[in-house]
Amino acid sequence: MKQIGYADIVLGLQFGDEGKARVVDNLASQYDIIARFNGGSNAGHIIVNKKGPVTIHQIPSGIFHPKTTLYIGSGCVVNIKKLAEEIKVVGDYGIGLEKRLKISSQASIVQPHHILLDDLLGKSIGTLKHGIGPAYADRAMRMYGDRLVNIRLADVIDNPTHMFSIIKTNLKIVQKQYKLPVSVEKEIEAVEKAFAQIRSYIEIDPLYMQRRVEKGSRVLFEGAQSVMLDVVKGSVPYVTASSTIAAAAYTGGDLSPKYHRKTIGVVKAIMSRVGYGPFPSEFGGKQSEDYCMETYNDETRHTKDVEATYKVDELISSPEHFYVGVGLRVLSEEYGATSAPRRIGRLDLVQLHYAAKLNGIDELIITKCDVLNAFSKIRHGGIPLVVGYKLDAKTIDYVPAASDAFYRVKPIISYEKPFIEDISHIRSFDKLPLALRKHIKLIEKASGCKVVGLGVGPKREQYISIP
Ligand code: IMP
């Protein structure tokens, strides 16, 4: 009798950008299907390969493993134009996706008016302006009166002329309401053209994943955005619009939860955050949030280039936490698309404990451990860990749900013994400095999860498996 398959999940446990894509790339050869279950083109996954780095947004991160199927589930929202472009970029890289890429026909479309609305209305959250929030809002709204606002790929396959005319009406309404200089005809034409390019990848069988797993396929679900950006469980309202947690993998990834095997959490050794919102462990607190968001609001500021001229050692040994954060950002190259600086913070064990319990994490992988030796140079002379919170003078050990309270939280910081060695060439846990091994044990204790892997550099091989 043929063995029935199973599914595992890779999730980011912080605020995004933990290095999930490289973890998926490392694990992909053990699976038959790599599947996305949430989000859309707001995700930016960089995978470094022999041919150099490639950035993908909607296509799952298993592209370098030719035997894997790449599945975009119904929980995602699909930007048709960007997906067609992405397929081309991956194709130019020498990777054909015919018969490999499958997109659920139940996935909703990010329509042109969603992108306009996000650009106009998403500023106070610091959204990435990809139309994600408006697309999920329309998915929940279904119809405005008798006008269809949630359009799925299946609808367009079924009746393209009618659906494109509705997409056009939806765009015209927003264009008129906000008096936007948009050529509606051109926009719709471009979407129609892109749809023809992605049409053959759409999977019309809603039980596709089910059937594959029943025949023995092993699935790796790849989370986008991360736990603290979950629309309900994250730092609401400064979150994305989708469900990012483990339980969402099965609804958004189109598989029955009975096939679940394990959940792997990815954590970055020094945290980062993009966009506005509470981040108790941030170096430099509000000063850092404002500074990083200035670039977000003004893309002509070339903060990355300016910061590249700074002397990292001087910054890291500064008495001001804000400058320590700047130094760590330069050192670990924490810049997003359009070179916006990411906010930098200490590893927060209160937040990690919450994320690990909420998702039933079985195994942890910690990325960017090579950067931790920078803490041998800071004034406090130790690796900082947030071990508790103070909320209005009261000590707490949980993540407050109220946004204002989460913003008011002050971190309680403990400093662990540092190490100075460069560990980027090390490939075995036993060879790591004792201080780092102790640090890993503390993380295991706080999260209740076994650490099974460490990233010690950006390259594929700069990875330590812990048996
Ligand atoms: P949206 O997902 O574009 O609506 O943005 C909502 C919030 O999530 C903003 O703070 C974004 O910066 C953040 N966000 C969305 N996608 C990512 C990601 O892939 N990495 C990190 N932050 C993200």
*Mind checking Rg over Rh on region 269-467, alpha carbons, Kirkwood formula for Rh?*
0.95
*Taking Cα pairs under 8 Å and at least six residues apart, what relative contact order does the chain come out at, in percent?*
18 percent
*Assign one of three labels to region 93-177, namely rounded, prolate or oblate, based on the Cα gyration tensor with a ≥ b ≥ c the square roots of its eigenvalues; rounded applies when a/c is under 1.5, prolate when it is not and a/b is larger than b/c, and oblate otherwise.*
oblate
_Zero-based 10 Å bins, Cα pair distances in the chain, whole percents_ = 4, 20, 30, 26, 14, 5, 0
*Hey, got a sec? Which chymotrypsin sites (Phe, Trp or Tyr not before Pro) in region 383-467 land in a DSSP loop and have at most 15 other Cβ atoms within 10 Å?*
Tyr398
*Starting from region 106-142, pick out the trypsin sites (Lys or Arg not before Pro) whose DSSP state is loop and whose Cβ has at most 12 other Cβ atoms within 10 Å.*
Arg142
*For region 128-190 and region 191-262, what is the separation of their C-alpha centers, rounded to whole Å?*
22 Å
*Distance check, please: which entries in Lys377/Lys459; Lys129/Lys390; Lys67/Lys445; Lys262/Lys286; Lys51/Lys258; Lys129/Lys450 exceed 32 angstrom between their Cα atoms?*
Lys129/Lys390; Lys67/Lys445; Lys262/Lys286; Lys51/Lys258; Lys129/Lys450
*Just by accessible area at a 1.4 angstrom probe, what is the order of Glu18, Glu320, Glu314 from largest to smallest?*
Glu314, Glu320, Glu18
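Could you work out the local net charge near Lys262, counting Lys and Arg as +1, Asp and Glu as -1, over the other residues with Cβ closer than 13 Å to its Cβ? If you can, show how the numbers build up before the last one.
Numbers: positive: Arg218, Arg261, Lys450; negative: Asp8, Asp362, Glu363.
My count for the surroundings of Lys262 gives 0.
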*Calculate the length of the line joining the C-alpha centroid of region 6-73 to that of region 284-359, in whole Å.*
24 Å
*asked:* Just to be sure I understand: of the beta bridges DSSP finds with both ends in the chain, what percent are antiparallel, rounded to 5?
replied: 40 percent
*Would you mind telling me the share, in percent, of accessible area of the chain contributed by carbon and sulfur at probe 1.4 angstrom?*
55 percent
*asked:* Only sites in a loop by DSSP and with at most 14 other Cβ atoms within 10 Å count here; which chymotrypsin sites (Phe, Trp or Tyr not before Pro) in region 226-315 make the cut?
replied: Tyr310
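The values are calculated or read from the model by the stated rules, or taken from the named source; none is laboratory data. In this text, all values refer to a predicted model and were calculated from it rather than measured experimentally. Here the Cβ is made from the backbone with ideal geometry for all residues, glycine too, and neighbour counts use every protein chain on show. What goes into the accessible areas is simple: the full protein's heavy atoms, side chains included, and nothing from ligands, DNA or RNA. Shrake-Rupley method; radii C 1.70, N 1.55, O 1.52, S 1.80 Å.
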